[in-house]
1. Over the heavy atoms of C100, what accessible area does a 1.4 Å probe trace out, to the nearest 10 Å²?
2. For E70 paired with W165, estimate the spin-label separation in nm (one decimal), with each label point 7 Å from Cα along the Cα-to-Cβ line.
3. If each residue of separation counts as 0.36 nm, what is the full-extension length gain between A92 and E23 once their alpha-carbon separation is subtracted?
4. Can you list the residues, at least 5 places off or on another chain, whose amide H is less than 5 Å from the amide H of T146, using H built in the peptide plane?
5. How high is the FRET efficiency between A137 and L81 when r is their beta carbon distance and R₀ equals 35 Å, given to the nearest 0.05?
Amino acid sequence: MSHHDDFAVEPVPGLPKQLPEGEAMLWQGSPDWKAFAVSAFHLRKIAVYLGVLVAWQVITAVYDGRTLAETVSRGVLFTALAGMALSIVAGAARVYAKSCLYTITTRRIVIRHGAALPVTVNIPYALVDGVDLQPLAHGRGNIAVTLKPAERASLFALWPSIRPWRWRRPQPAFRCVPRAADVARLLARAVAQTAEGEVKAVIAEPAAAGSAVDAFAGAATA
């Protein structure tokens, strides 16, 4: 797995170099920024937290015996501050989502992200041990790849394009992509067809909405 800091203009969007001969692009996409704001930037949780703080300010104002005008004024002030904070988080999520570009080729996964300093991470299929789909609303989802035991991903280089809550062994992920089930199946087939004829994936349709799309095995062909 390689990392590349993109200070120059990309010759191909999302890629640090032109694709070498024999390698073809199969899919490119970016996160849905609204789902990204909720899933990666936790906008909904922050909104609940700020709502509790606003309510607490109003309750304490009433408890302290402040006048109705003072209570309303405090509520309006803290509501406005909470709205500003949520706008900043939502804006950051939108900018970051637009900076993310996920690519599937016939040989590798490429994750390009970063608003100020874009970073490109290349993950050859030879390093991939599994692919899992976490379905979200409206067909969106997170598609995470499990690396082989000897490989370790960099949390700092990949965040927020990682599987949530997997800190010990970070898993690179396409976050909040539309039509995630289709993309996951495409990725599974791409991995299955690589690396000198080895069977890298056993593709299975999900039995339920929350199940993994692809179960991977390291068996070789006979």
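1. 0
2. Placing both labels 7 Å beyond Cα along the Cβ direction yields 4.4 nm.
3. Difference between extended and current length: 21.4 nm.
4. The list, which skips near neighbours in sequence, is D129, G130, V131, D132.
5. With R0 = 35 Å, the Cβ-Cβ based efficiency is 0.75.
The values are calculated or read from the model by the stated rules, or taken from the named source; none is laboratory data. On a predicted model such as this, the values are computed, not experimentally measured, just so you know. Positions of Cβ are backbone-derived with ideal geometry, glycine not excepted, and every protein chain shown enters the neighbour counts. Note: accessible area is taken over every heavy atom of the protein model, side chains too, but ligands, DNA and RNA are not part of it. Shrake-Rupley method; radii C 1.70, N 1.55, O 1.52, S 1.80 Å.
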